[in-house]
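> There's a structure below that I have some questions on.
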Amino acid sequence: MMVGEALLALAERAACVDLAVVGTAKNAGKTVTAKAIMQAAQLRGDVIGVTSIGRDGEAVDSSDNGRKPRLYLQRGALVATALGVFSPSPALEFLDITDRVTAAGTLAIARLRTDGFVELVGPPTAAGIRDALRRLHRCGATRTILDGALDRVAALAGGSEAVVVAVGASGVSTLGEALDDIAALVAKLSLPPPDPDRVAVRLDGALTAARAMEIARDHRDAVVVVRDPTQVALSGKALLGLFDRLDVRVERPLRVIAVSIASIGRDRTFAPREFLHGVARRTQLPTFDVYAGAAA
Amino acid sequence: MKLTGFLDDASAQAIDVAWFRNALLPASEYGRRAFEAMQPFGPGQQQAAATSARRIADLATQLDDERIDALRECLAQTPEISDSIARISVGRVPLDSDLLLLLRACDAMSRVDILVAPFCAPCGSDATRALSALIERGRSGRYGFYLDATFDDRLREARIAYEAAASAFELARSRIASGVAQHLGRERIESDEFIVMRDTLTNGLPQSVHIIREAPTYFLCELELDEAAIVLLAARDAALATVAQEETAVRDRIGAQIRAYLDGLDAALTRLGEIDLLVAQVRFTRRFGCVAPDFCAEANVAFVGGRYLPLHDELRAQGRHYVKIDVDLDTLAVLTGPNMGGKSVCLRTCASIAFLAAFGLPVPADSARIGLFTSIAWLGIGAESAHGGLFSAFAGEVLRLRDLLSTMSENGLIFIDEFARTTNPAEGVALLVAIIASLRRRGCIGFVATHLAGIAAAADTAHFAVRGLRDVPKHAASQDLAAVLSALGDAMDYRISRVARADASHADAIALAGLLGIDARIINEAYAAFNAAHDEKA
């Protein structure tokens, strides 16, 4: 099982050229999954354009000094990252220097002329991400791959990317709790667009537990429409319970095609196969384990 | 545009200087710097102001919109390279991104020079051409830069050696990875760390793996390089270090060469900024049909067909007609007229035309004769007091008057819009008469717009008036304000005339109230009261 190739095939089946991998937490295997896709795409002859929402790809996690997988790309790949994190050697071919500013300086587009490691610090805003992806395509990328943290996923809402949700074992105490959280998260990220023929309650801001209760009480069988999945401010069992009572839709949906898992977290591990199959069962999406080369 | 001492914030707000700044803004950072450095011409500098305005107006007849747009686009794409220049000038090794920016700046200057060649002096120089030729070797594609091996033979050799070393290592690593994958029954190993389930192992773990973690059901592993691969890895890293060293040497050498051209580059960028500023001014002139004014030594604001551009632009966007006005102002005169008759617009027209002329710019009029002033000031409606909301409207105006009188120099241009409208009319008149006398002693000219009667005569000064309603608009009272405005516009004669004294026989305010929908009975009673008072006076 080559996970990268399988994910590319799923994206193609969903009529998506570009992909984004969004991770739930640190050590969710986000970068590992993105790397697998990048390798597979380059093997197929795609000119890949890579960027991230915010910072990613450092050898050591700058927030907690944990070891992180580095992003090693083959020559020909394009990257959109901050000038402040470009290594001077081996030299890259600089194609564009934008007026977008990231946490590590101005965003630039460059092509790798030799295989090498890169650190990604992309734009933090939705407009910035869209601009970076557009520029990558303009500079010759035939496929873009975005590595992004979940808290910035609003940047992808309404876009044409196929989204792979990377989930890990960190931050929860039991497998059951992890599966509940993942099922709720994937359901939230997969919320469909509104049906134009049905009357809907449109919310300007976030859908909180209190607002959800109010709506469920005042508008029976209501369809609630929020701007994008990040506007649903609930998680875990509470969110799953909400979806039982309310039909929630989003104006700017994401195109979630698959889930990837990392069963070994820094503070907790799950049995890889149990975790893989559990996630697949609960999310009803193709689920992959890059580490184990397995799918469910 | 440097306004300090010439136009304070409240006055700038009253004539909407922000609108003019926006309309005049150059396209590049260099042009914006030149724009911010613009100083107003003062009394005695008529010749320089006239030369500036004439040059812009002449260019506006020579450059067409297509060329101006092409220039603006080119200028807007000129990258900001101050950081790169600063880095190189202090002896730091330039980054490849610096070299790309320099290449693009040189490209932009060449394109700008081609576009402005017949009309004004170029920005490019021998220094920028030499700099461009130096970096050109690194051009990749149309717009990219790569520290190409053609810069240096040793760099070429180092890269060839690195490619060979990297291939050799990659081959060895792939051999190990393939062996492991084959042993595990996988096509490839996709991640640096990988999981092997115990129950899938029939022949045990392959030799070339290092176990990171062992669990009851699986192993977490990574590839383990053999001796030969480790030697090749070391060779690859050494080759990469040599590449890094050679690349730094090449960049250092390019940096040293660039330093010799920095003065010339700096001058060229300053010139680029001047061209950008000029193009923005020419564009403004064409867009708004401006003309170079005649500059005179006397204190005078005179124009035919003058327009206040922010309003003109707004009306044009709404498809509505704008009535141009003529003014010849050489003293501190009183301006009267009906509500919505254009008194404030007249003041803003004068102020904005004088403001543009002070910066040596063409002005929005059919013709104009303008003097230069030490300052332009605004008092009354439109100029908010800086003293906050604790004071009444009148007190706020008085405080602003106090501030203006304490800072306003001789030979200033001042516009007073309905000062003292909120206080006792008799005292308001007295105050205005005294203020006019004081400002005239300072050699100031301008307009005092007011509804208060008898000021011009009492101050012994010129009196201008908006002609006012030709007749009461025919349009019936309506809730449709656009229709009301249209009817009012048709009925109002906005022209300004010099008059001997105010004509108090009109009741334009009552007509306006009727037009805006006040109950007809109230309007009729108001007319009756007005006529009775008028008859009694007569």
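The values are calculated or read from the model by the stated rules, or taken from the named source; none is laboratory data. In this text the structure is predicted, and so the values were computed from the model without any measurement. Cβ: placed from backbone, ideal geometry, glycine included. Neighbour counts: every protein chain shown. Just the protein is used for accessible areas: all its heavy atoms, side chains included, with ligands, DNA and RNA removed. Shrake-Rupley method; radii C 1.70, N 1.55, O 1.52, S 1.80 Å.
> Identify, please: which residue in the range B:204-217 is open to solvent by less than 20 Å² (accessible area, probe 1.4 Å) and not in a strand (DSSP E or B) and is, among those, farthest from the other protein chains (Cβ to nearest Cβ)?
Out of the qualifying residues, it is B:PRO206.
> Hey, can you tell me all the residues within the range A:255-276 that are of a type in the set (S, T, N, Q), assigned to a strand (DSSP E or B) and open to solvent by less than 20 Å² (accessible area, probe 1.4 Å)?
A:SER260
> Among the residues in the range A:115-133, are any of a type in the set (S, T, N, Q) and more than 20 Å from A:THR230 (Cβ to Cβ)?
Scanning the range A:115-133, I find no residue that is of a type in the set (S, T, N, Q) and more than 20 Å from A:THR230 (Cβ to Cβ), so the answer is no.
> What is the residue count in the range B:124-143 for residues that are more than 14 Å from chain A (Cβ to nearest Cβ), within 21 Å of A:ILE97 (Cβ to Cβ) and either open to solvent by 20 Å² or more (accessible area, probe 1.4 Å) or not hydroxyl-bearing (Ser, Thr, Tyr) (or both)?
Of the residues in the range B:124-143, 4 are more than 14 Å from chain A (Cβ to nearest Cβ), within 21 Å of A:ILE97 (Cβ to Cβ) and either open to solvent by 20 Å² or more (accessible area, probe 1.4 Å) or not hydroxyl-bearing (Ser, Thr, Tyr) (or both).
> Taking A:ARG134 as the residue in question, decide whether it is open to solvent by 40 Å² or more (accessible area, probe 1.4 Å), within 14 Å of chain B (Cβ to nearest Cβ) and under 20 Å from A:ASP18 (Cα atoms).
Against the criterion (open to solvent by 40 Å² or more (accessible area, probe 1.4 Å), within 14 Å of chain B (Cβ to nearest Cβ) and under 20 Å from A:ASP18 (Cα atoms)), A:ARG134 does not qualify.
> So, one more: If you scan the range B:232-248, which residues turn out to be touching a residue at least 60 places away in the same chain (Cβ under 8 Å) and within 11 Å of chain A (Cβ to nearest Cβ)?
B:ARG236, B:ALA239, B:LEU240, B:THR242, B:VAL243, B:GLN245, B:GLU246, B:GLU247, B:THR248
> Would you mind finding the one in A:ALA166, A:ALA157, A:ALA141, A:ALA162 that is under 30 Å from A:VAL47 (Cα atoms) and modelled with pLDDT under 85?
It is A:ALA157.
> Take the conditions assigned to a loop (DSSP other than H, G, I, E, B) and of a type outside the set (D, E, K, R) and apply them to B:SER409. Does it pass?
Yes.
> Mind listing whichever residues of the range B:89-110 are open to solvent by 20 Å² or more (accessible area, probe 1.4 Å), within 12 Å of chain A (Cβ to nearest Cβ) and not in a helix (DSSP H, G or I)?
If the condition is that a residue be open to solvent by 20 Å² or more (accessible area, probe 1.4 Å), within 12 Å of chain A (Cβ to nearest Cβ) and not in a helix (DSSP H, G or I), then B:ARG92, B:VAL93, B:LEU95 are the ones that fit.
> Given the residues B:ALA420, B:ALA449, B:ALA434, which is the only one that is open to solvent by less than 70 Å² (accessible area, probe 1.4 Å), within 30 Å of B:ASP535 (Cβ to Cβ) and modelled with pLDDT of 85 or more?
B:ALA449
> For A:ILE129, are the conditions met, namely being within 17 Å of A:THR31 (Cα to Cα), touching a residue at least 60 places away in the same chain (Cβ under 8 Å) and either of a type in the set (Val, Ile, Thr) or within 14 Å of chain B (Cβ to nearest Cβ) (or both)?
Here the answer is no, as A:ILE129 does not meet what is asked.
> Restricting the range A:56-79 to residues that are outside any loop (DSSP other than H, G, I, E, B) and modelled with pLDDT of 95 or more, which is surrounded by the fewest Cβ atoms within 10 Å (Cβ to Cβ)?
A:LEU78
> Just need a number here: residues in the range B:1-44 that are in contact with a Lys or Arg (Cβ under 7 Å, 6 or more places away or on another chain), within 23 Å of B:GLY443 (Cβ to Cβ) and either of a type in the set (Phe, Trp, Tyr) or surrounded by fewer than 19 Cβ atoms within 10 Å (Cβ to Cβ) (or both).
Result for the range B:1-44: 2.
> Something else: Could you please find all residues in the range B:171-192 being open to solvent by less than 50 Å² (accessible area, probe 1.4 Å) and within 13 Å of another protein chain (Cβ to nearest Cβ)?
B:SER174, B:ALA177, B:VAL180, B:ALA181, B:LEU184, B:ARG186, B:ILE189, B:GLU190, B:SER191
> Something else now. If a residue has to be more than 19 Å from B:ARG32 (Cα to Cα), open to solvent by 10 Å² or more (accessible area, probe 1.4 Å) and in a helix (DSSP H, G or I) to count, how many in the range B:61-88 make the cut?
Final tally of qualifying residues: 7.
> For B:LEU201, which of the numbered conditions (1) more than 9 Å from chain A (Cβ to nearest Cβ); (2) modelled with pLDDT under 90; (3) open to solvent by less than 20 Å² (accessible area, probe 1.4 Å) fails to hold?
Result: B:LEU201 passes all but (3).
> I'd like to check something: does the range B:455-469 contain any residue that is assigned by TED's automatic domain parsing to the domain that holds B:ALA354, in contact with a Lys or Arg (Cβ under 8 Å, 6 or more places away or on another chain) and part of a loop (DSSP other than H, G, I, E, B)?
yes
> Need pairs with beta-carbon distance below 9 Å; first residue part of a helix (DSSP H, G or I) and within the range A:277-296, second surrounded by fewer than 21 Cβ atoms within 10 Å (Cβ to Cβ) and modelled with pLDDT of 95 or more; sequence gap 6+ or separate chains.
Filtered contacts from the range A:277-296: A:VAL279/A:LEU285; A:ALA280/A:PRO286.
> Only one of these conditions is not met by B:LEU265: (1) more than 60 Å from the chain's Cα centre (by Cα); (2) at pLDDT below 95; (3) aliphatic (A, V, I, L, M). Which number is it?
(1)
> Residue check: is B:LEU220 over 30 Å from B:GLU163 (Cβ atoms), out of contact with any helix residue (DSSP H, G or I) (no Cβ under 6 Å at 6 or more places or on another chain) and at the interface with another protein chain (Cβ under 9 Å from one of its Cβ atoms)?
Yes: the conditions hold for B:LEU220.
> Still on this structure, please answer the following. Considering every residue within the range A:24-46, establish whether at least one is in the same structural domain as A:GLU119 (by TED's automatic domain parsing), among the charged types (D, E, K, R), closer than 16 Å to A:LEU254 by Cβ and open to solvent by less than 40 Å² (accessible area, probe 1.4 Å).
Checked the range A:24-46: at least one residue is in the same structural domain as A:GLU119 (by TED's automatic domain parsing), among the charged types (D, E, K, R), closer than 16 Å to A:LEU254 by Cβ and open to solvent by less than 40 Å² (accessible area, probe 1.4 Å).
> Follow-up. Does B:VAL363 satisfy being touching a residue at least 40 places away in the same chain (Cβ under 8 Å) and open to solvent by 10 Å² or more (accessible area, probe 1.4 Å)?
Taking the combined requirement at face value, the residue does not satisfy it.
> Continuing with the same structure: Output yes when any residue across the range B:154-173 is of a type outside the set (A, V, I, L, M, F, W, C), in contact with a strand residue (DSSP E or B) (Cβ under 8 Å, 6 or more places away or on another chain), touching a residue at least 24 places away in the same chain (Cβ under 8 Å) and in a helix (DSSP H, G or I), and no when none is.
Yes; the residues of the range B:154-173 include at least one that is of a type outside the set (A, V, I, L, M, F, W, C), in contact with a strand residue (DSSP E or B) (Cβ under 8 Å, 6 or more places away or on another chain), touching a residue at least 24 places away in the same chain (Cβ under 8 Å) and in a helix (DSSP H, G or I).
> Out of A:THR142, A:THR174, which single residue is open to solvent by 10 Å² or more (accessible area, probe 1.4 Å) and free of Cβ contacts under 8 Å to residues at least 24 places away in the same chain?
Checking each option against the conditions leaves just A:THR174.
> Within the range A:103-110, identify whether any single residue is among the polar types (S, T, N, Q) and either more than 16 Å from A:GLY49 (Cα to Cα) or at pLDDT below 85 (or both), and answer yes or no.
yes
> Just for strands (runs of 3 or more DSSP E) wholly inside the range B:256-366: which have at least 1 residues that are of a type in the set (S, T, N, Q)?
Those strands (runs of 3 or more DSSP E) span B:332-336.
> If the requirement is being more than 9 Å from chain B (Cβ to nearest Cβ), in contact (Cβ under 8 Å) with a residue 60 or more places away in the chain and open to solvent by 10 Å² or more (accessible area, probe 1.4 Å), which of these qualifies: A:VAL118, A:VAL101?
A:VAL118
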